[in-house]
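Readers should treat all values here as calculations from the given coordinates under stated rules, not as data from a laboratory. Because the structure is predicted, anything quoted here is derived from the model rather than measured. Every residue, glycine among them, receives a Cβ derived from its backbone with ideal geometry; neighbour counts consider all protein chains shown.
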Amino acid sequence: MAEGKSPQQVASIASEILQGSDRLLVTRASPEAFSAVREVVPDASYRETARAIVADRRASRRAIPGVMVACAGTADLPAASEAVVTAELMDCEVERAFDVGVAGIHRLFDSMPAIRRARVIVVVAGMEGALPSVVGGLVDVPVIAVPTSVGYGAGFQGLAALLAMLNSCAPGVGVVNIDNGFGAGYLAAMINRAASAGTARPGRGLDAEP
């Protein structure tokens, strides 16, 4: 995570990581941090919405289907995009259902065929944080809920959404910290990769082998 570090510190850490790894992901990165990293990692790219710096030097890549990232509204895109980037860098093929919040719930229903194909679903929402409970009640796969700091007044910078998700009565919903798209994407990728190593769930249209 670049937050709290100077651009020069981020660049130094990025360079050191790539000495022992063929992949780099820096979250919460500013354009200034990216400029510093590009000086030492010329092949790095910047994912503006996700606020992430990425470098991938692998000769070949897998893309294991099974991860869905859904978010309630446009303001939730930074955390949702962070989850997407993280899961993709961990060899997962990620489907997206953005702007499907409960204020226009028909949009969610329009996306249900894709959502039901997933082995694991990351659901990102701010305000009252209702979307993960709705999704959790419609599917029978793990749902990773990400509260965001989007909102005002009694939203308390995401605390209201966090508490709503923790109090969800829908089974199979787990919750990560406020704005933690990285943690959600990482966990989703772990679940998907483990599931892909066994027998695919019936009716999902997924291959048993990655």
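Tell me the angle of helix 77-89 to the major Cα principal axis of the chain, expressed in degrees between 0 and 90 and rounded to the nearest ten. Roughly 70 degrees, rounded to the nearest 10. Here is the P(r) of the stretch 7-56: all C-alpha pair distances, binned every 5 Å from 0, give 5, 25, 40, 23, 6, 0 in whole percents. With respect to the chain, whose longest principal axis is taken over its alpha-carbon atoms, helix 7-20 is tilted by about 90°.
Cα centroids of the stretch 3-82 and the stretch 182-199: 19 Å apart.
Residues ARG47, ARG119, ARG107 in ascending order of nearby Cβ atoms (within 10 Å, fewest first): ARG107, ARG47, ARG119.
Given +1 at the Cβ of Lys and Arg, -1 at the Cβ of Asp and Glu and no other charges, the dipole of the stretch 37-125 around its Cα centre is 260 debye to the nearest 20.
May I ask you to order 142-148, 36-42 by the average number of other C-beta atoms within 10 Å around their residues, highest value first? All intermediate terms of the calculation are to be shown ahead of the outcome.
Values: 142-148: 28.3, 36-42: 17.4.
Answer by packing, highest mean first, reads 142-148, 36-42.
With a Förster radius of 25 Å applied to the beta-carbon distance between ASN177 and ALA75, the computed FRET efficiency rounds to 0.90. Placing +1 on the Cβ of every Lys and Arg and -1 on the Cβ of every Asp and Glu, with no other charges, gives the chain a dipole of roughly 360 debye about its Cα centre.
Across the stretch 55-71, computed HN-Hα scalar couplings (Karplus, 6.51 cos²θ - 1.76 cosθ + 1.60, θ = phi - 60°) run 9, 9, 9, 5, 6, 9, 9, 9, 9, 7, x, x, 9, 10, 10, 10, 9 Hz from first to last residue, x flagging Gly and Pro. Taking the charge dipole of the chain about its Cα centre, with +1 at Lys and Arg Cβ atoms and -1 at Asp and Glu Cβ atoms, the residue from LEU89, ILE115, THR74 reaching farthest to the positive side is ILE115.
Based on DSSP, what percent of beta bridges with both residues in the chain are antiparallel, to the nearest 5? Mind dumping the intermediate values first?
Numbers: 7 of 25 bridges.
That works out to approximately 30 percent antiparallel.
Annotation for ARG117 and ASN167: the two label points, set 7 Å from Cα along the Cα-Cβ direction, are 3.6 nm apart. Note on the stretch 61-199: Rg/Rh from C-alpha atoms, Kirkwood Rh, equals 0.95.
Summing Cβ point charges (Lys, Arg +1; Asp, Glu -1) relative to the Cα centre of the stretch 7-56 gives a dipole of roughly 180 debye. A simple spin-label model places the labels of GLN9 and PHE156 3.0 nm from each other, with each point 7 Å out along Cα-to-Cβ. Across the stretch 73-97, the residues whose backbone nitrogen lies under 11 Å from the label position 7 Å along the beta-carbon direction of ASP56 are 85-94.
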